[in-house]
Amino acid sequence: MGGDDVGQRMRNTRLMPNERTRQWASTMRGHSTGDLVRAHSDSGVGLDKAEPVRREAREHQEREHLNPGATLGRGSGQRVREESEDPYRTCFEKDRDRIVHSTAFRRLAGKTQVVVYPKDHQRTRLTHALEVAQVARAITRGVGANETLAEAIALGHDCGHGPGGHASETAFDAYIPGGYDHGPWGADVALRSLNLCYETLDGIRCHSWSHPAPATVEGEIVSWADRIAYCAHDLEDALHAGIVSTNQIPKDVVDHVGSTRSQQLREFITSMIEAISQHGIVGMAPDTASALAQLRAFNYEHIYMRSDAIAQSEAVIDLLHQLVDYLIDNPDEVPGNRGDPPSFLDEIDPRVWRAVEYVGGMTDRFAFLQAEILLGYDLTRIPTGLGRGV
């Protein structure tokens, strides 16, 4: 058989339904059994018949089983715009669900954690948020705090980041009175349309240690979970990329919390649970906190502040400056209705607001593509940085 005939047969095979495709197509309506439709024809599992677990019952469970200092979900929650109560979800469960389904959260998949245009196994802002949520859930479960509120804060805490990681904050500082900060920007700009509860927004707004403390125990736990997660996983990414080696990790860090991400997370989480349980306030034992501080300092020196990483950040800042300046001068290039600026930006030039709000929501790839299309920007000007070029 000639090559052309083989190619045609392969194309025909791809188009013809096989047995797997026919089986899948046969499940369009599911499997009817009396008054029910089931997903699987041979399903044999089930629950005892009982009343649904409604929101009121879930709130009662929180009151009965959580620590007295935990933040409780009540009704529809404290929101800027009043809402009706959900029949089954607590107010913080609604917040978590809204964040997960939001555009701002999905875009984190295309935003830098440490590496611009990360490889398949390097962290993005999205995977970082998921890891922070895991750490926060583990700690809140261990101390009897509100796991759902902590998860909502953790999932939303970085939604205010622009493209290129922290370089975007530096780039946007020039346009925003008082500077651009991803915490408040996430709470008051990127997620404001979701009408989240006060406690969720407060935790997102104040998660950075340089801010005033969050108003809830859960918000403070997320502040720690964020640092724990990025110190451990940024080191793991750098180890895999060959940027640092295990024998460079400070001895005190290895002695106290180990050299791998799993060891470090276990020790940091355990220390948090035990310290909070013993003292009643959110914190960590001094020796473990010292190891965390040394690990963070090591990451800063050997990962974040490497010469090629700095060069990459400077190039990204230059690109974003040029892109924002172009959009300020060409406001018709900014699509859609960006809405009014938040109250803390009530005196900003509307053209500046629209440009920064638009660029701040972009993923790395889309921002660089827009710079290439609108500005003729040469992306080879951006250095390789960590692990991969653009």
Cβ-Cβ below 6 Å, separation at least six or inter-chain, first residue in segment 254-267 and hydrophobic (A, V, I, L, M, F, W, C), second assigned to a helix (DSSP H, G or I): which pairs?
V257/Q264; V257/E267; V257/A291; L265/A232
Taking the stated definitions as given, is K94 out of contact with any helix residue (DSSP H, G or I) (no Cβ under 8 Å at 6 or more places or on another chain), within 30 Å of G165 (Cα to Cα) and not hydrophobic (A, V, I, L, M, F, W, C)?
yes
Residue satisfying all of: in segment 305-350; open to solvent by 60 Å² or more (accessible area, probe 1.4 Å), assigned to a loop (DSSP other than H, G, I, E, B) and touching a Pro at 6+ places or on another chain (Cβ under 9 Å); farthest from M362 (Cα to Cα) among these:
E347
Restricting attention to segment 275-304, the residues that are open to solvent by less than 40 Å² (accessible area, probe 1.4 Å), within 17 Å of A225 (Cα to Cα) and in contact with a helix residue (DSSP H, G or I) (Cβ under 7 Å, 6 or more places away or on another chain) number exactly 10
Within segment 127-134, is there a residue that is among the aliphatic types (A, V, I, L, M) and open to solvent by 30 Å² or more (accessible area, probe 1.4 Å)?
yes
With respect to I317, is the statement that it is of a type in the set (V, I, T) and either in contact with a Cys (Cβ under 6 Å, 6 or more places away or on another chain) or free of Cβ contacts under 8 Å to residues at least 60 places away in the same chain (or both) true?
no
Filtered residue count, segment 239-253, keeping only those that are touching a residue at least 12 places away in the same chain (Cβ under 8 Å), farther than 15 Å from R296 by Cα, in a loop (DSSP other than H, G, I, E, B) and not β-branched (V, I, T)
1
State which residue pairs qualify: first residue outside any helix (DSSP H, G or I) and inside segment 167-184, second residue hydrophobic (A, V, I, L, M, F, W, C) and modelled with pLDDT under 95 in any location, beta carbons under 9 Å apart, and separation of 6 or more residues or different chains.
Y175/I348; I176/L345; I176/I348; P177/F344; P177/L345; P177/I348; G178/F344; G178/L345
Count of residues meeting criterion [open to solvent by 100 Å² or more (accessible area, probe 1.4 Å) and more than 38 Å from the chain's Cα centre (by Cα)] in segment 20-35:
2
Within segment 221-236, is there a residue that is surrounded by 17 or more Cβ atoms within 10 Å (Cβ to Cβ), aromatic (F, W, Y) and assigned to a helix (DSSP H, G or I)?
yes
Are any of the residues in segment 264-273 over 30 Å from L72 (Cβ atoms) and either at pLDDT below 95 or surrounded by fewer than 24 Cβ atoms within 10 Å (Cβ to Cβ) (or both)?
yes
If I filter segment 364-384 for residues that are touching a His at 6+ places or on another chain (Cβ under 9 Å), on the phi > 0 side of the Ramachandran plot and surrounded by fewer than 20 Cβ atoms within 10 Å (Cβ to Cβ), do I get at least one hit?
no
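The values are calculated or read from the model by the stated rules, or taken from the named source; none is laboratory data. Remember, predicted model here, so these are calculated numbers, not experimental data. Glycine gets a Cβ as well: all are built from the backbone with ideal geometry, and neighbour counts include every protein chain shown. These area figures cover heavy atoms from the full protein model, side chains too; ligands, DNA and RNA do not enter into them. Shrake-Rupley method; radii C 1.70, N 1.55, O 1.52, S 1.80 Å.
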